[in-house]
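Shown next, in structure tokens, is the structure this report addresses.
The values are calculated or read from the model by the stated rules, or taken from the named source; none is laboratory data. Because the structure is a prediction, the values reported are computed rather than measured. Because the Cβ atoms are built from the backbone with ideal geometry, glycine has one as well, and the counts that use them run over all protein chains shown. The area values use the complete protein model at the heavy-atom level, side chains included, leaving out ligands, DNA and RNA. Shrake-Rupley method; radii C 1.70, N 1.55, O 1.52, S 1.80 Å.
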Amino acid sequence: MSAKPRPLLSWHLRPTARAALAWCGAIAYPFVLFFAARGTPFDSPGLPFVSAAAVTVLPLGLLRRRPLPALALMLLGTYVTATTTPFWQVVYLLVLANDLAAGYIVATRPRRIAVTAAVTTLGVQVAFAARLGTGTDGFARTVVVLVLALAAAWMTGHSVRERREHAAALRSQTAAQAVAAERLRIARELHDMIAHSIGVIAIQAGVGRRVIDTQPDEARNALATIEDTSRETLAGLRRTLGALRRAEPGTGVEAAPREPAPGLADLDRLTASTKDAGVHADVRWLGERRPLPPDIDLAAFRIVQEGLTNVVRHADAPDCRVTIGYQDGELTIEVADDGRGGPASGTGYGITGMRERITLLRGQFTAGPRPEGGFRVAARLPLPEGVHIS
């Protein structure tokens, strides 16, 4: 059998080969540039200019890896060529290449390295301008032009760097906002889920404790309700926390299977658990029932769940009314009772969570005591275009 290729070894050698080629190109640059730009005063500058422009690609590989050594080799080539070539077009081209390299360093490297690159570039350019011997006035004008050109390169590189840092800050801020929004969503889910279940469990535990000696059947029913409610709560916790487990790859923790999120179709189960807690919920449906978008369906279920939880915990009423209205372009939800009032006259984490849900879905929410007595929670959720309910 023939030996199999070893691609892994080639991948390990490839970065080394690239680095070697980058160094070779940058080291060869001053020599190749010197010979490419040579000419006599009677020659046309076209060929030396094109040759010098083509040669400037040699140090680019090293400029990305080791910017200061690459810039030093470029400045060496520029000094030697500028002091020997008779073509000013070639000199301008080399000055432009040096300024672009300095601008790239300003845009991609720390300020200390950027300042070193700019000062070195300006020093070498002033040195070969003095060597050319253009006179005092000519030398002063040349230095001014060199300073202005390098300043333009610095400002351009600095602007690019600031835009990149600003974009990175925006991405970080967006990620932080997404994390905060997800934490708030999970907090709402956990509150809506656990508050209702714990309320039912507490009431059933109290009933079982009081009748365990005199009515064992009732105590047994209370324990069965506690067991069913606890299992449903655990299943909901697995659904909610499953997303968090999947968001941590490489932990070795297998994600819990995700079950469908609850919706208005689960109201019978919800009202059954409320009835076990001692409150009968009369559910009324207005309009023709149609499928809803998942986010609106979940929000409607959570609002009814939290409203029933408030009735069980705070109203001290034997029954309540739940009204779900399907209208054209709108879903209305109302939970009302004739008890003694809601949580702290309409405040609390549950009320805040419901209000946040409705606000995120661009709806309207009200919660407070009724004039005729009792407490009322009402919400109006606009439906997206394409979901029409007659």
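Label separation (ARG290 vs ALA261): 2.1 nm, computed from points 7 Å beyond Cα along the C-beta direction.
The mean accessible area for residues of region 259-373, using a 1.4 Å probe and ignoring ligands and nucleic acids, is 49 Å² per residue. Which whole-angstrom value gives the distance between the alpha carbon centres of region 273-298 and region 121-163? Comparing the Cα centres of region 273-298 and region 121-163, I get a distance of 76 Å. Between LEU100 and ARG231, the simple spin-label model (points 7 angstrom out along Cα→Cβ) gives 7.2 nm. 3J(HN,Hα) along region 209-214: 5, 6, 10, 5, 8, 9 Hz, from the Karplus curve 6.51 cos²θ - 1.76 cosθ + 1.60 with θ = phi - 60°, whole Hz, x for Gly and Pro. Taking all protein chains into account, the per residue accessible area for region 46-196 stands at 54 Å² (1.4 Å probe).
Simple spin-label estimate for ARG370 and ARG65 gives 7.9 nm between the two label positions (7 Å along the Cα-to-Cβ direction from each Cα). Taking every C-alpha pair closer than 8 Å and separated by at least 6 residues, the mean separation divided by the residue count of region 254-341 gives a relative contact order of 31 percent.
Our coupling estimate for region 53-60, obtained by passing each phi through the Karplus curve with A = 6.51, B = -1.76, C = 1.60 and θ = phi - 60°, is 4, 5, 6, 5, 7, 4, x, 5 Hz, Gly and Pro reported as x. In order along region 88-94, the Karplus-derived 3J(HN,Hα) couplings, from 6.51 cos²θ - 1.76 cosθ + 1.60 at θ = phi - 60°, round to 5, 4, 5, 5, 4, 4, 5 Hz, and Gly and Pro are given as x.
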